[in-house]
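Single-structure report; data block below.
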Amino acid sequence: MATNAVDETKATEATTEKAVDTTESDEATRTEEAPAEAEVVETEVVETKEEAPSGIGQGAAAVVSAALGVVSLTGSWVGTIAAARQNLVGQLETAQGAGVAQQIQAVYGDAWQATALWGGLFAAIALVVGVVTLARPAFGTPGRIQAPWIKSVAWAGVALGVIGLFLAVLKYTGILLGLPSAG
């Protein structure tokens, strides 16, 4: 019985030694091949980055254009503060004996126009950013097409900018929701 155990142990040790030798030779082969593969992968990544810009800047500009267009339609914090300031200035500058029409214009009309100016400014910026985003591929890499979602969002920014600018002009001139008459 003891002889069988010793023979099995020697056989197991021999098999283990062969497995270790095989593993060592495979590891040596892998170690020799690994740096070459890593260099190829790094080279391909660098070439890909140089050849194909991702368009992240154009996408961000398109989203900014659309967001500014929405702000021009809904109003902004800056426009609200400018209107409140203009309202306060109108109250301070209007004399007690001023006519009703003059008081309405000084207190409410100027504030309304300040809101319209800020809305128009945001709309104009949205329009410019959207147009530049749409025109950018013409000045970039020839043959490179712009992602369809970037074009869609940039066109949305342009459309919102045009609508916002139109409404701002109508608000400023008093055609849209003008001041009530004092008569």
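The values are calculated or read from the model by the stated rules, or taken from the named source; none is laboratory data. Fair warning: this is a prediction, and the values are worked out from it, not measured in the lab. Using ideal geometry, Cβ is built from the backbone for each residue, glycine included, and neighbour counts are taken over all protein chains shown. Ligands, DNA and RNA are excluded from the accessible area calculation, which covers all protein heavy atoms including side chains. Shrake-Rupley method; radii C 1.70, N 1.55, O 1.52, S 1.80 Å.
So for segment 107-119 (the condition being in a helix (DSSP H, G or I), more than 28 Å from Thr94 (Cα to Cα) and not hydroxyl-bearing (Ser, Thr, Tyr)), does at least one residue qualify?
Looking through segment 107-119, none of the residues is in a helix (DSSP H, G or I), more than 28 Å from Thr94 (Cα to Cα) and not hydroxyl-bearing (Ser, Thr, Tyr).
Among the candidates Ala111, Ala116, Ala147, Ala101, which residue alone is buried (at least 17 other Cβ atoms within 10 Å of the Cβ), in contact (Cβ under 8 Å) with a residue 40 or more places away in the chain, among the small types (Gly, Ala, Ser) and out of contact with any Cys (no Cβ under 9 Å at 6 or more places or on another chain)?
Working: Ala111 fails: in contact (Cβ under 8 Å) with a residue 40 or more places away in the chain; Ala147 fails: buried (at least 17 other Cβ atoms within 10 Å of the Cβ); Ala101 fails: buried (at least 17 other Cβ atoms within 10 Å of the Cβ).
The unique qualifying residue is Ala116.
Going through segment 119-144 one residue at a time, which ones are crowded, with 21+ Cβ neighbours inside 10 Å and among the hydroxyl-bearing types (Ser, Thr, Tyr)?
Residue satisfying the conditions is Thr133 alone.
Only residues that are in contact (Cβ under 8 Å) with a residue 24 or more places away in the chain and among the hydrophobic types (A, V, I, L, M, F, W, C): list them for segment 68-91, please.
Residues of segment 68-91 that are in contact (Cβ under 8 Å) with a residue 24 or more places away in the chain, as a first pass: 68-73, 75-76, 78-80, 82-87.
Matches in segment 68-91: Leu68, Val70, Val71, Leu73, Val78, Ala82, Ala83, Ala84.
Within segment 150-183, can you find the residues that are open to solvent by 80 Å² or more (accessible area, probe 1.4 Å) and at positive phi?
Leu177
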